[in-house]
Every structure is written in C-alpha cells, then in structure tokens.
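Novice: For reference, the structure I am asking about is given below.
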Amino acid sequence: MADKTIKIAYLYEDLMNTYGDSGDVKIIRYLLKKQNYTTQIDNVSLGDPFNAFDYDFVFFGGGQDFEQTVVAKDLPRHKETLTDYINAGHPMLGVCGGYQLVGTYYKTIGGTTIKGLDILPFHTVFKADKRMIGDTHYTTQWGDVKAFENHSGQTYFDSQKLQPLGKMITGYGNNPQDGLEGLHYHNFIGTYSHGPILRNLNVANAIVKMVLDWHQERVAD
Ligand code: GLN
C-alpha cells in the first residue's frame, strides 16, 4: 500500500514563527489532506536530533533578532544534513529570519553578527535607512504573489548564480535597491513574505508538488 504519511520538519517551531508563519505548514497540511495524505509535523527544536532526509518538507519560519541569536547557536549541528538536502533538490521553505539563516550571516541592528548555515552565498545586514514593513506584491514563475513583509535585515546575493523568487511590484523584498524578492535554488525557496505566503495557492500548490515528488522517491528507497 502506498505510504500516505507526509513528514514535515518545522525547524524551531517554538522560536521561529512570526506573523502567522505556522500558517504555511497548516496550508500544506490542508492541501495534502485533500489528496488523502496525512501529515506528521515534528518541531525540531534546541538540542533535538535531526536528519533532513527523514522528511518530505522542511520549514523554517521567521523570528525576531533575539530568537535568531538563540537558534543560530544550535543550528551548526544541522549544517551538513541541510546542505546535502538542499543541494539534492529537496523541498524547503525559509521565511524571513529562517531564510536569512540559510545564508552566510545576518548583521543585526544591535551590531551583532549572527552566523548563518552558510549553505548559499548571500548575506543580510541592517542598514539605518529603513525597516521594510508593509504589503508586498511581486511576480514569480508561478504567477503573482501578495504578502506582507516586516524586517530590518537587507539581503544581498554574493553570487550572480543565485536566482530570486520574484520581482517586486510593491514593497521591498530582499532590499530597497534590487527590486528582487527572496531566493529560489533547486527546491529551496527563501522569502521575506509572511501572511502567510502560502495563502497564495499558486506557490502552495507548487510546493505540494515538490513535496509529493520527493516523498515518492524517499519512500521508494
Ligand atoms: N529579525 C529579522 C529582521 O528583522 C527577521 C524578521 C522576521 O523574521 N520577521 O530582519
């Protein structure tokens, strides 16, 4: 019988869940249920063992600078498994603080440099010019997305090979200069969009497809 249980790892759910980001996981669960899948959602928090390859989807939500500092101390344990998982093309969504921590570092308003996982070549810095807050609207390969952003970190790509998730119509996205939103690398999506972003069903359905494709492969092994 086909395995109908989808395993979702929610990284630091208790610490990284700003502005309704847990709604992203609920929407994925709802869309999977409509296809007769059940979901097991594990909160992988401080000190918990974690092998990304045990999961069909990894979610990493947004957080305040303080929570990011706490999480960043625990995170290096998972660098290898998440690097391999992302590079193998398996699905992961990182929102705001969770997106920032996949890059090399985030220098905060307080001047602290929070080390990221250093999986993809981008960095985030606070700049005094503005906090990026408000409604956003941008185009993606799956069509338009409408969401909400609230961050002080400005994200910059350090390699021309990185591709954004979208192009801004309204709002800031990665930073006030580039007109780009988020990052899309294999099946890793990084985004500044809360709202939650997956209320945009075009993106949610694209992720569900990635999740089901990887699930078939994972359970066949
Ligand atoms: N603390 C980070 C920033 O302000 C991320 C914010 C968030 O995740 N909402 O840039």
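Novice: Run a plain Debye calculation on the stretch 55-114 (Cα atoms as equal point scatterers, no solvent) and give log10 I(q)/I(0) at q = 0.25, 0.29 Å⁻¹, rounded to two decimals, same order as the q list.
Specialist: At q = 0.25, 0.29 Å⁻¹ the computed log10 ratios are -1.11, -1.37.
Novice: Okay, moving on. Restricting to lysine pairs 8 or more places apart or on different chains, what number in the stretch 93-187 have Cα atoms under 20 Å apart? Each step should come with its number before you reach the end.
Specialist: On the way: LYS107/LYS115; LYS107/LYS127; LYS107/LYS130; LYS115/LYS127; LYS130/LYS167; LYS146/LYS167.
Count of close lysine pairs: 6.
Novice: Now for a different question. Let's test the formula: R0 of 22 Å, r as the Cβ-Cβ distance of ASP14 and LYS34. What FRET efficiency results, to the nearest 0.05?
Specialist: Working: r = 28 Å, r/R0 = 1.27.
For ASP14 and LYS34, the calculated efficiency is 0.20.
Novice: Quick one: net charge of LYS167's neighbours, Cβ under 11 Å, K/R +1, D/E -1?
Specialist: For residues surrounding LYS167, the net value is -3.
Novice: The chain: D in µm²/s via Stokes-Einstein (Kirkwood Rh, Cα pairs, 10 °C, 1.306 mPa s)?
Specialist: Rounded, D is 93 µm²/s.
Novice: What value, in deg cm²/dmol to 500, does the helix sum -39500 (n - 2.57) over DSSP H runs of n ≥ 4 give at 222 nm once divided by the residues of the chain?
Specialist: -7500 deg cm²/dmol
Novice: Just to be sure I follow the definition: excluding the sites themselves, where is the longest run in the chain that has none of the trypsin sites (Lys or Arg not before Pro) in a DSSP loop with at most 11 other Cβ atoms within 10 Å?
Specialist: Details: sites that count: LYS130, LYS161.
Formally, the longest exposed-site-free interval is 1-129.
Novice: Can you list the residues of the stretch 85-100 with backbone N under 11 Å from a point 7 Å past the Cα of PHE50, pointing along Cα to Cβ?
Specialist: In the stretch 85-100, the label zone of PHE50 (backbone N under 11 Å from the point 7 Å along Cα→Cβ) covers 98.
Novice: Listing THR108, THR81 from the residue with the fewest other Cβ atoms within 10 Å to the one with the most, what is the order?
Specialist: THR81, THR108
Novice: Counting pairs of alpha carbon atoms under 8 Å apart in space and at least six apart in sequence, what relative contact order in percent does the stretch 10-156 give?
Specialist: 19 percent
Novice: For the stretch 6-76, what does the relative contact order come out to in percent, with C-alpha contacts under 8 Å and a separation of six or more? Don't jump to the answer; show the numbers that get you there.
Specialist: Details: 93 pairs, mean separation 38.1, N = 71.
Relative contact order of the stretch 6-76: 54 percent.
Novice: Whole angstrom only: what separates the Cα centroid of the stretch 132-163 from the Cα centroid of the stretch 165-221?
Specialist: 10 Å
Novice: Let me ask something else about it. What helices in the chain pass both tests, a Cα length along the helix axis of 18 Å or more and a mean Kyte hydropathy of -1.0 or higher, using whole DSSP H runs?
Specialist: Values: long enough: 22-34 (19 Å, -0.11); 201-220 (28 Å, 0.31).
Counting only whole DSSP H runs, the qualifying helices are 22-34, 201-220.
Novice: Put +1 on the Cβ of every Lys and Arg and -1 on every Asp and Glu Cβ in the stretch 104-150; which of THR113, TRP142, THR124 then has its Cα farthest towards the positive end of the dipole?
Specialist: THR113
Novice: Quickly work out the VAL70-to-THR170 label distance, labels modelled 7 Å from Cα along the C-beta direction, and quote it in nm with one decimal.
Specialist: Label-label distance for THR170 and VAL70, simple model: 3.5 nm.
Novice: If you take the alpha carbon radius of gyration of the stretch 1-99 and divide it by 2.2 N^0.38 Å, what ratio comes out, to two decimals?
Specialist: Details: Rg = 13.4 Å, N = 99, 2.2 N^0.38 = 12.6 Å.
My calculation over the Cα atoms of the stretch 1-99 gives 1.06.
Read the figures in this text as sums done on the coordinates, not as results from a lab. In this text the structure is predicted, and so the values were computed from the model without any measurement. In this analysis, Cβ positions are derived from the backbone assuming ideal geometry, glycine residues included, and neighbour counts consider all displayed protein chains.
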